[in-house]
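Data first, discussion second: the structure below is written as C-alpha cells.
Each reported figure results from applying straightforward, stated rules to the coordinates on display, with no laboratory input. Quick caveat: nothing in here was measured; it's all calculated off a predicted structure. Because the Cβ atoms are built from the backbone with ideal geometry, glycine has one as well, and the counts that use them run over all protein chains shown.
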Amino acid sequence: MITITLQKIRDASPCTDGWKNVLESKGGKSADMGAEFPLSDVLESNGLDDTLWCMRCMPEHDRLWRKYAVWCARQVQHLMTDQRSIVALDVAWRHSDGLATDEELGAARDAAGYAAMDAAMDAARDAAWGAARGAARAAAMDAARDAAMDAARGAARAAAMDAARDAAGYAAMDAARDAQKTKLLHILAAGEWVE
C-alpha cells in the first residue's frame with residue numbers, strides 16, 4: 001500500500017481548498033502531520049485531481065506514476081492518428097521499466113510534441129490533438145508524477161471530446177474518470193503496477 005503524510009503534502013504547497021479537505025479528513029488542526037495514511041484516502045476525500053497532484057510528493061514512485069500516465073493515455077489511443085504519439089507511449093512504458101534511456105524518452109517526447117502541433121493545425125482532429133498532447137506529456141515530463149496528472153486529465157478530456165458531439169459526452173468523460181479512479185485505487189492498494 002502506498003502511503004503519504006500530511007507533512008509531505010503541506011511541504012509541496014497544496015492549494016488552499018485541497019489542503020482544507022485533506023486536513024479535515026484526517027482530524028483537522030489536531031491531526032498528526034507525520035502519521036502515514038493511505039494515499040487512497042486523498043482520493044476519497046478530495047478526488048482524482050488532488051490525488052494526482054499528491055503524487056508529486058512521492059518521487060520514489062515516479063516509475064509507477066509514469067506507468068499510470070501511459071495507461072490513462074492508452075485509454076484514448078484510438079483517437080491518436082499520428083504514430084509518433086503511440087511510439088511515445090511505448091517508449092514511456094519501456095522507460096518506466098528501465099528499458100529506455102532518458103535520451104530516448106526525450107526524443108519520443110519531442111516527436112510526440114510535433115505530432116501534437118501537426119494535429120492542432122487540423123481542427124478536424126481536435127480529439128487526437130488532446131490525446132497526442134497528453135501522450136507527449138506522459139512520455140516526457142521530467143517528473144513522472146506531473147505526467148500522470150496531465151495524461152489522466154488529457155485522457156478524460158479526449159474521451160469527452162470524442163463524444164461531445166452528442167449528449168453522451170459527459171457520460172464518456174465520467175466513465176473515463178471512473179476507470180482512472182478504479183485503476184489508481186488498485187495500484188495504490190498493491191503498491192505496485194497491477195494489470
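Side notes on the structure shown:
- Net +/- balance of residues flanking Val22 in space, Cβ distance below 12 Å, scoring K and R +1, D and E -1: -1
- Net lengthening on full extension, Ser25/Met1 (0.36 nm per residue, minus Cα-Cα): 6.7 nm
- The residues packed around Thr182, meaning those with a beta-carbon under 14 Å from its beta-carbon, carry a net charge of -1 if Lys and Arg are +1 and Asp and Glu are -1.
- Stretch gain in nm, segment Gln77-Asp32, where the contour uses 0.36 nm per residue and the Cα spacing is subtracted: 11.9 nm
- Fewest-first sequence of Met58, Met1, Met80 by Cβ atoms within 10 Å of each Cβ: Met1, Met58, Met80
- Projecting label points 7 angstrom from Cα along Cα→Cβ for Thr182 and Arg94 puts them 3.1 nm apart.
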